[in-house]
1. A:V103 versus (1) within 13 Å of chain B (Cβ to nearest Cβ); (2) at pLDDT below 95: which is the lone unmet condition?
2. Could you grab me the full set of residues in region A:94-110 that are under 15 Å from A:V64 (Cβ atoms), assigned to a strand (DSSP E or B) and touching a Lys or Arg at 6+ places or on another chain (Cβ under 7 Å)?
3. So for region B:27-37 (the condition being at the interface with another protein chain (Cβ under 7 Å from one of its Cβ atoms) and free of Cβ contacts under 8 Å to residues at least 60 places away in the same chain), does at least one residue qualify?
4. Identify the residue in region B:1-37 that is part of a strand (DSSP E or B) and among the acidic types (D, E) and, among all such residues, is farthest from B:D64 (Cα to Cα).
5. So which residues in region A:44-65 are over 38 Å from the mean Cα position of the chain (by Cα) and either over 20 Å from A:T24 (Cα atoms) or polar (S, T, N, Q) (or both), if there are any at all?
6. Could you please give the count of residues in region A:23-40 that are assigned to a strand (DSSP E or B) and over 34 Å from the mean Cα position of the chain (by Cα)?
7. Return yes when A:G73 is surrounded by fewer than 23 Cβ atoms within 10 Å (Cβ to Cβ), touching a strand residue (DSSP E or B) at 6+ places or on another chain (Cβ under 8 Å) and facing chain B (nearest Cβ under 9 Å) and no when it is not.
8. Do we have B:D19 as within 12 Å of chain A (Cβ to nearest Cβ) and surrounded by fewer than 18 Cβ atoms within 10 Å (Cβ to Cβ) here?
Amino acid sequence: MAAIQRQANPKHGDAIATVISEGTQVVGRVDGREDLRIQGYVEGTVNLSETLVIDNGGVVVGGVRVRELVVHGILVGDAVASGRIVLHPTARVVGDLQAPRIVVQPGAALRGQLSMGETESENPQEASGGGRQGMGRWRTSSRVAAPAVAPRAPARPVRVTRSAAARPSGILARRTPEPVAEPGPRIPPQRARPSVRESIREQIRERAPAPVEVDDEAEALEAEDHDLDHDGEQEALDLEVDDGIDVDDGTITTSNGKKQAARPRVPARGKHSVEG
Amino acid sequence: MANTVIGSTIVIDGEISGDEGLVVHGTVKGKIDLAEKIEVAQGGVVEATIAARVVTVHGVVAGDIHASERADLRPESQVIGDIRSPRVLIADGAIFKGSVDMGNGG
């Protein structure tokens, strides 16, 4: 097949200008030994031993390695030219350019590094590998940015939990119940109720040794009768919550209702069932 | 010049798509997906799956051809692959190996 291709050369020769026209997209590698004019979209590497012209409207995304590069359109990628690179006024280029001679005409937009001189031989494979480092100058930044953002997101919740967990043991333990209770809403409501109760119990334990006895009593009573346990704990709650005293006094049944609603946990249930 | 032309020394390895005509004098490997005509000129080599409205082959194609309107194998052509098209023309002298499906045109 290669032979056939060679046969065609004398017939068509250079008379045929290779054009990738406006409505055409090429994704992949383009190699050649003749001029190439791009009016469409090419994504990938372009390797030519002749001149590459990116016309106005043409877009090349990828590394370019040619003898001469003329840009009227858009190039996103590094370019290495053994001859020269000319950026015309309408050119938009993001990438590093390397050529003995580089011309940037007024109006051309360029972001990237330029290196002039005989750099061609130093990086023979510079433009051949589409996604390698050099071309990644802008991509690299995006890659760097991505991981930088990622750790931040998990860090926030971790801090919250740590601080919340650390406080109870500290001097600020009194205030802890509130912060501990607050994170409750994050978690399903089930957790909020016990956390409030536990926080209150903690308050009781920390304020005075007496509440500890109450707890002991409660446990002891609990073994005999859970109703007594309710009373004991309810008293503790009343002592604890100043506002709640009046309310509880006014509506005892309500408080009992709350208790029983919240109570039915493992021990209570077991006893109920046993008694029943 | 509305057509895309791939010159004889050009080798494209990848995918070509578009809504304009394509003339291949060079080599294309991979996949070609066009809404228009594709002509594989004499000397042109396509090792790719071709989908286009009209496919005209003077050169060499190794790969399936799906032409929604017409597939035209000219005398010098060599085609290895299946052809799916409502109209298939195979000229005298064309070399073809594969199957032809002219049903519905797909």
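The values are calculated or read from the model by the stated rules, or taken from the named source; none is laboratory data. Quick caveat, the model's predicted, so the values are computed rather than measured. All Cβ positions, glycine included, derive from the backbone under ideal geometry; neighbour counts span all protein chains shown.
1. Of the numbered conditions (1) within 13 Å of chain B (Cβ to nearest Cβ); (2) at pLDDT below 95, the odd one out for A:V103 is (1).
2. As a first pass, look at region A:94-110 and keep what is under 15 Å from A:V64 (Cβ atoms): A:94-99, A:102, A:110.
From what's left, assigned to a strand (DSSP E or B): A:94, A:97-99, A:102, A:110.
Passing the criteria: A:V94, A:A99, A:I102.
3. As a first pass, look at region B:27-37 and keep what is at the interface with another protein chain (Cβ under 7 Å from one of its Cβ atoms): B:27, B:30.
Now narrow it down to the ones that are free of Cβ contacts under 8 Å to residues at least 60 places away in the same chain: B:27, B:30.
Yes: one or more hits.
4. Going through region B:1-37, the residues part of a strand (DSSP E or B) turn out to be B:4-6, B:11-18, B:22-24, B:27-34, B:37.
Right, trim to among the acidic types (D, E) and you get B:13, B:15, B:33.
Numbers: B:D13: 17, B:E15: 15, B:D33: 12 Å.
The residue in question is B:D13.
5. We begin by selecting, within region A:44-65, every residue over 38 Å from the mean Cα position of the chain (by Cα); these are A:48-53.
Hits for region A:44-65 are A:S49, A:E50, A:T51.
6. Taking region A:23-40 as the starting set, the residues that turn out to be assigned to a strand (DSSP E or B) are A:24-32, A:36-38.
Now drop any that are not over 34 Å from the mean Cα position of the chain (by Cα), which leaves A:24, A:30-32, A:36-38.
Total satisfying the criteria: 7.
7. Working: surrounded by fewer than 23 Cβ atoms within 10 Å (Cβ to Cβ): yes; touching a strand residue (DSSP E or B) at 6+ places or on another chain (Cβ under 8 Å): yes; facing chain B (nearest Cβ under 9 Å): no.
Here the answer is no, as A:G73 does not meet what is asked.
8. Values: within 12 Å of chain A (Cβ to nearest Cβ): yes; surrounded by fewer than 18 Cβ atoms within 10 Å (Cβ to Cβ): yes.
Taking the combined requirement at face value, the residue satisfies it.
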